[in-house]
Amino acid sequence: QKEVEQNSGPLSVPEGAIASLNCTYSDRGSQSFFWYRQYSGKSPELIMFIYSNGDKEDGRFTAQLNKASQYVSLLIRDSQPSDSATYLCAARRNDYKLSFGAGTTVTVRA
Amino acid sequence: DVKVTQSSRYLVKRTGEKVFLECVQDMDHENMFWYRQDPGLGLRLIYFSYDVKMKEKGDIPEGYSVSREKKERFSLILESASTNQTSMYLCASTQGADQPQHFGDGTRLSIL
């Protein structure tokens, strides 16, 4: 079992719609979770991080964490073509290292 | 803003060569990391360092070594490059374990 799993995608959404990205993790001791966006040929850039159960909103992005279900999600509201990218979920393990999912590719159709 | 600079964006080397990848950060961060990224496999940790001259193996350290002589600089060394080390290499830094990691632009390394 991979430590961090993401829905495989690709995910195609129309412009203006909500894109929903899901991530599950296996290390129950994980406390910190991060979402990165990676454009093709570029390096990952941080979008959001979340430590506590519940929702965290930043502009058009909302991260949701449910530690009991070992589940993290990212919602992108009012999706724009510039949101087309691969989104990486990462969880901090008990040994302080990050485990990354393989990523979900999102395409926003104009 | 945190700036993590990797010395080369693209690099082509030959099998058996010793290869050095350099990474510098400007935020006085304690922790620095080297990853490689391959299609379908995501980011995998090669080595990390939590202080000058300190290093720990990540998940895939075989064939690699690292050096951290100064706090701002973390070098990845391929002792004898092989074709299966062709990959995108990413350096990252962070101040604390719970803080986000900030990535450099990456080095796309091809071993021929």
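The values are calculated or read from the model by the stated rules, or taken from the named source; none is laboratory data. The shown structure was predicted, so the numbers you read here are calculated from the model rather than taken from an experiment. We place every Cβ from the backbone using ideal geometry, glycine too, and count neighbours over all the protein chains shown. We work out accessible area using only protein heavy atoms, side chains counted, and drop any ligands, DNA or RNA first. Shrake-Rupley method; radii C 1.70, N 1.55, O 1.52, S 1.80 Å.
Within segment B:26-72, the residues that satisfy the criterion of being more than 23 Å from residue A:95 (Cα to Cα), more than 11 Å from chain A (Cβ to nearest Cβ) and part of a strand (DSSP E or B) are B:69, B:70. For segment B:73-99, the set of residues classified as open to solvent by less than 10 Å² (accessible area, probe 1.4 Å) and assigned to a loop (DSSP other than H, G, I, E, B) consists of B:81 only.
Among residues of segment A:87-110 that are more than 20 Å from residue B:93 (Cβ to Cβ) and facing chain B (nearest Cβ under 7 Å), those with a Cβ under 9 angstrom from a residue that is small (Gly, Ala, Ser) and not in a loop (DSSP other than H, G, I, E, B), sequence gap 6+ or separate chain, pair up as A:101/A:90; A:101/A:91; A:101/B:42; A:102/B:42; A:103/B:42. Taking the criterion of being of a type in the set (Phe, Trp, Tyr) and either assigned to a loop (DSSP other than H, G, I, E, B) or touching a helix residue (DSSP H, G or I) at 6+ places or on another chain (Cβ under 6 Å) (or both), the only residue of segment A:51-61 that qualifies is A:51.
Can you pull out the strands (runs of 3 or more DSSP E) entirely within segment A:62-110 that have at least 2 residues that are in contact with a helix residue (DSSP H, G or I) (Cβ under 9 Å, 6 or more places away or on another chain) and on the phi < 0 side of the Ramachandran plot? Steps first, please.
Numbers: elements: A:71-76, A:85-92, A:98-100, A:104-109.
By residue number, A:104-109.
Just one residue in the set B:108, B:44, B:14 is free of Cβ contacts under 8 Å to residues at least 40 places away in the same chain, out of contact with any helix residue (DSSP H, G or I) (no Cβ under 9 Å at 6 or more places or on another chain) and not hydroxyl-bearing (Ser, Thr, Tyr); that residue is B:44. Of B:108, B:36, all but one fail to be in contact with a strand residue (DSSP E or B) (Cβ under 7 Å, 6 or more places away or on another chain), modelled with pLDDT of 95 or more, open to solvent by 60 Å² or more (accessible area, probe 1.4 Å) and within 19 Å of residue A:102 (Cα to Cα); the exception is B:108.
The strands (runs of 3 or more DSSP E) located wholly in segment A:1-46 that include 3 or more residues which are at pLDDT 95 or above and open to solvent by less than 40 Å² (accessible area, probe 1.4 Å) occupy A:19-25, A:33-38.
Scanning for something within 13 Å of the chain's Cα centre (by Cα), farther than 29 Å from residue B:49 by Cβ and of a type in the set (A, V, I, L, M), does segment A:37-54 turn up at least one residue? There is no residue in segment A:37-54 that is within 13 Å of the chain's Cα centre (by Cα), farther than 29 Å from residue B:49 by Cβ and of a type in the set (A, V, I, L, M). Quick check on segment A:47-68: of everything there that is open to solvent by 50 Å² or more (accessible area, probe 1.4 Å) and within 14 Å of chain B (Cβ to nearest Cβ), which residue is farthest from residue B:97 (Cα to Cα)? Among those that are open to solvent by 50 Å² or more (accessible area, probe 1.4 Å) and within 14 Å of chain B (Cβ to nearest Cβ), it is A:58. Of the set (1) open to solvent by 60 Å² or more (accessible area, probe 1.4 Å); (2) in contact (Cβ under 8 Å) with a residue 40 or more places away in the chain; (3) of a type in the set (Lys, Arg), all apply to residue B:57 but (2).
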